[in-house]
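A.B. asks: If you scroll down you'll find the structure; I have some questions about it.
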Ligand code: AMP
């Protein structure tokens, strides 16, 4: 496995792969790799000749009150996992390699970034879209792999790539979960035993919402209200949002039809957790 800290090394590696006629898959991550990340790597390996994993805790997507400093950075473990999996290149740049000087240029996506996490985390998606643009420009992958766990992020990146005619395909992979349903996340490591015990309520509540739709409920305000109430049953959680939206454009709907995104975020003392389910509403 190759590792690189500099843009120059990555460009050289990728150019050589392209010259050999090999396709390149990119898996952008912030490290603290878990089985969710590993599923993206496996998907990239089955679709591309060469797989590049980036590990970069991107400061511009964290708000001033967020956990940038505390975010886990188990570099040696991450490199070991990538090596075991047969990743071709890990790009783990230091911050100044990506943000060399005071940047005046940002990539922003309108509308899709406004609801859900966009409302709670101002500037977050601007950081994500800007760093992904940089990574796409550096690696120039044929495909980049993202997780459905971060549904809004995947939608935003897809839209950015389409709107800016970026020459790559975005592949979105299913959410990987613990056996009790909790979506895998690097932030799960922050949870106290009591919080960990309550955390599955997120997925349970989303599933209950899906079951109500299957049982015939179509009023989205009713669905959201019940979802909110279910989440509130977790005594240690504060509900950040509970939303039933059009899965394509993240707009609110009065009456459920087509494809819906059921999305929720809760704040526990130690971590903020998000999850979602996509539901096809029967006609
Ligand atoms: P992160 O390191 O949290 O920025 O995540 C890197 C990528 O892994 C993103 O595309 C995430 O959506 C994806 N990811 C994170 N958790 C999961 C999960 N539980 N299942 C599938 N993909 C995930």
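Read-outs throughout are calculated quantities, based only on the coordinates presented, and are distinct from any laboratory measurement. In this text, all values refer to a predicted model and were calculated from it rather than measured experimentally. As a convention, Cβ positions derive from the backbone with ideal geometry for all residues, glycine included, and neighbour counts pool all protein chains shown.
A.B. asks: Provide a single number: the residues in region 146-166 that are part of a helix (DSSP H, G or I) and either under 16 Å from residue 51 (Cα atoms) or within 13 Å of the ligand (Cβ to nearest atom) (or both).
C.D. replies: So the answer is 11.
A.B. asks: Another question, then. Among the residues of region 126-145, write down those that are within 18 Å of residue 90 (Cβ to Cβ) and within 14 Å of the ligand (Cβ to nearest atom).
C.D. replies: 131, 132, 135, 136, 141, 143, 144, 145
A.B. asks: Hey, any hits in region 99-110 for a residue that's within 21 Å of residue 174 (Cβ to Cβ), surrounded by 20 or more Cβ atoms within 10 Å (Cβ to Cβ) and out of contact with any strand residue (DSSP E or B) (no Cβ under 8 Å at 6 or more places or on another chain)?
C.D. replies: no
A.B. asks: Oh, and also: What's the total number of residues in region 121-173 that are under 26 Å from residue 68 (Cα atoms) and in contact (Cβ under 8 Å) with a residue 12 or more places away in the chain?
C.D. replies: 36
A.B. asks: If we only count helices (runs of 4 or more DSSP H) wholly inside region 1-118, which ones have 1 or more residues that are closer than 25 Å to residue 185 by Cβ and either touching a residue at least 12 places away in the same chain (Cβ under 8 Å) or away from the ligand (no atom under 14 Å from the Cβ) (or both)?
C.D. replies: 35-47, 75-85, 95-98
Condition check ((1) surrounded by 13 or more Cβ atoms within 10 Å (Cβ to Cβ); (2) touching a helix residue (DSSP H, G or I) at 6+ places or on another chain (Cβ under 7 Å)) across all residues:
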| position | (1), (2) |
| --- | --- |
| 188 | yes, no |
| 192 | yes, no |
| 196 | yes, no |
| 230 | yes, yes |
| 244 | yes, yes |
| 251 | no, no |
| 266 | yes, yes |
